[in-house]
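Below: one structure, written as structure tokens.
The values are calculated or read from the model by the stated rules, or taken from the named source; none is laboratory data. Owing to the predicted nature of the structure, the values given are computational and were not obtained by experimental measurement. Cβ placement follows ideal geometry from the backbone for every residue including glycine, while neighbour counts extend to all protein chains displayed.
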Amino acid sequence: MRFADITGRTGVKQLLTSQVESGRLPHALMLWGAPGSGNLAMALALAQYVHCPHRSGGDSCGVCPSCRQHENLTYPDLLFSFPTPTAKSGRSSVSDEFYDAWQEFVRQYPLAPWQRWLELVNAENSQPVIRVDESAEIVRRITLGNYGESVKILILWLPEKLNPAAANKLLKIIEEPQPGRMFIMVSDNPSLILPTVYSRLQRIKIETPTVAETAGWLERQGFDSNTAMQAAEAAQGNQLMAQQMLDPQGEEKEFREMFQEVMRKAWLRDVKSLRAWSEKGAALKREKIRRMLAYFNRNLRLNYLFVLGDDSITPMMEADRHFSERFSPFITGGNVQEIMHEVDRASRDVAGNANARIVLFDFAVSLIMLIKKG
Ligand SMILES: [Zn+2]
């Protein structure tokens, strides 16, 4: 990954490269930003830049043996650590066992969508974490000798997934690494990182690109300029979100249909159809149900803003707007908070392993009352 492969963010790129050139790059760095911000891509570009002997003009060369090994994720002094699921046997697992999946993930999904990772490691019904066995591996691998002269870099994806024992085991090497070692942690949600780890990291925020930059990026992928601009605006510049909105096979379309159906049937007080809806929803994987519910809340907020006549802050995609024009009168200041609260509760219950069919049916039935009340 070269910096040139990352859309926009010239400020951060300049900051990082100037730190490398002046020898002031922190040995424990955290690059953080919203999911889909390209924080992992930025970490990869930085590591490649550090290791490229022919870097110039603020970027790695992209063609030397070192750069090519980086592109293949085979550079010997570039290590990775990331959340892994519990093995089928219940045994703990470490990153190395999932390195093939990781290579595929990084190459195909440089914006690092969590749900793709879950699919790649078949963990859609469990929550991958970083465990103490993995920390022991990190300590072992980082303290081994370096390959050649280069700095040994460990990119740790999602330090918020370190469990307490795993975090504790890393404190010493993060605090006082051996010479020639560097940690780059990549976080989607720093507020969930254990304070002992968080406080030891130098933090740099990776902003999302501007709407215009993301629209340009979509156009380069072949979308017409209108569609590209609409998605970039609706996603407020977030590339991953914009990409998902435009993916015809993507979840967005499925979630939109589920949302519109449950709202419509609740308004009609069609309990039989609501039961069928909840059965359809319950057939999805648990994590997917939660993503669907997160989509519901995002859409409810947009619908409410639509009632207020203010969709300029978060413009909608055409397919959402079409529905909202008819539906939004039923989402008002009187019920929107309660409905969103019900969505949150359903999401929590699903996360807590409650029977999804019952949770979704309860939610659907609660909508009947709430929609009328508004
Ligand atoms: Zn190079």
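Given the conditions (1) under 27 Å from the mean Cα position of the chain (by Cα); (2) crowded, with 19+ Cβ neighbours inside 10 Å, and given that ILE331 satisfies all but one, which numbered condition is not satisfied? The number of the failed condition is (1).
Of all residues in the stretch 283-309, those that are of a type in the set (Ser, Thr, Tyr) have Cβ atoms under 6 Å from Cβ atoms of residues that are outside any loop (DSSP other than H, G, I, E, B), 6 or more apart or on another chain, in TYR295/PHE255; TYR304/VAL336. Every condition in (1) modelled with pLDDT under 95; (2) away from the ligand (no atom under 16 Å from the Cβ); (3) not in a helix (DSSP H, G or I) is met by MET30 except one, and the failing one is (1). Taking every residue in the stretch 47-63 that is over 13 Å from ALA4 (Cα atoms) and pairing it with any residue that is more than 7 Å from the ligand (Cβ to nearest atom) and polar (S, T, N, Q), at least 6 positions away or on another chain, the pairs with Cβ-Cβ distances below 8 Å are VAL50/SER150; HIS51/SER150.
Given the criteria free of Cβ contacts under 8 Å to residues at least 40 places away in the same chain, in a loop (DSSP other than H, G, I, E, B) and assigned by TED's automatic domain parsing to the domain that holds TYR198, does THR86 qualify? If you could, list the steps in order and put the result at the bottom.
On the way: free of Cβ contacts under 8 Å to residues at least 40 places away in the same chain: no; in a loop (DSSP other than H, G, I, E, B): yes; assigned by TED's automatic domain parsing to the domain that holds TYR198: yes.
Answer is no for this residue.
For the stretch 58-79, the set of residues classified as crowded, with 20+ Cβ neighbours inside 10 Å and either within 18 Å of PHE98 (Cβ to Cβ) or near the ligand (Cβ under 6 Å from one of its atoms) (or both) consists of SER60, SER66, CYS67, LEU78, LEU79, listed by residue number.
Just one of GLY148, GLY237, GLY222 is outside the structural domain of ARG9 (by TED's automatic domain parsing), in a loop (DSSP other than H, G, I, E, B), touching a Pro at 6+ places or on another chain (Cβ under 9 Å) and of a type outside the set (Phe, Trp, Tyr); which is it? First the steps, then the outcome.
Values: GLY148 fails: outside the structural domain of ARG9 (by TED's automatic domain parsing); GLY222 fails: touching a Pro at 6+ places or on another chain (Cβ under 9 Å).
It is GLY237.
If you go through the stretch 251-275 and keep only what is hydrophobic (A, V, I, L, M, F, W, C), more than 10 Å from VAL365 (Cα to Cα) and surrounded by 15 or more Cβ atoms within 10 Å (Cβ to Cβ), you end up with PHE255, MET258, PHE259, MET263.
Give the residues of the stretch 176-195 that are assigned to a helix (DSSP H, G or I) and either free of Cβ contacts under 8 Å to residues at least 60 places away in the same chain or surrounded by 20 or more Cβ atoms within 10 Å (Cβ to Cβ) (or both), sorted by residue number. Let's see the steps before the verdict.
Start the filter on the stretch 176-195 by keeping residues that are assigned to a helix (DSSP H, G or I), which leaves 190-192, 195.
Result: SER191, LEU192, PRO195.
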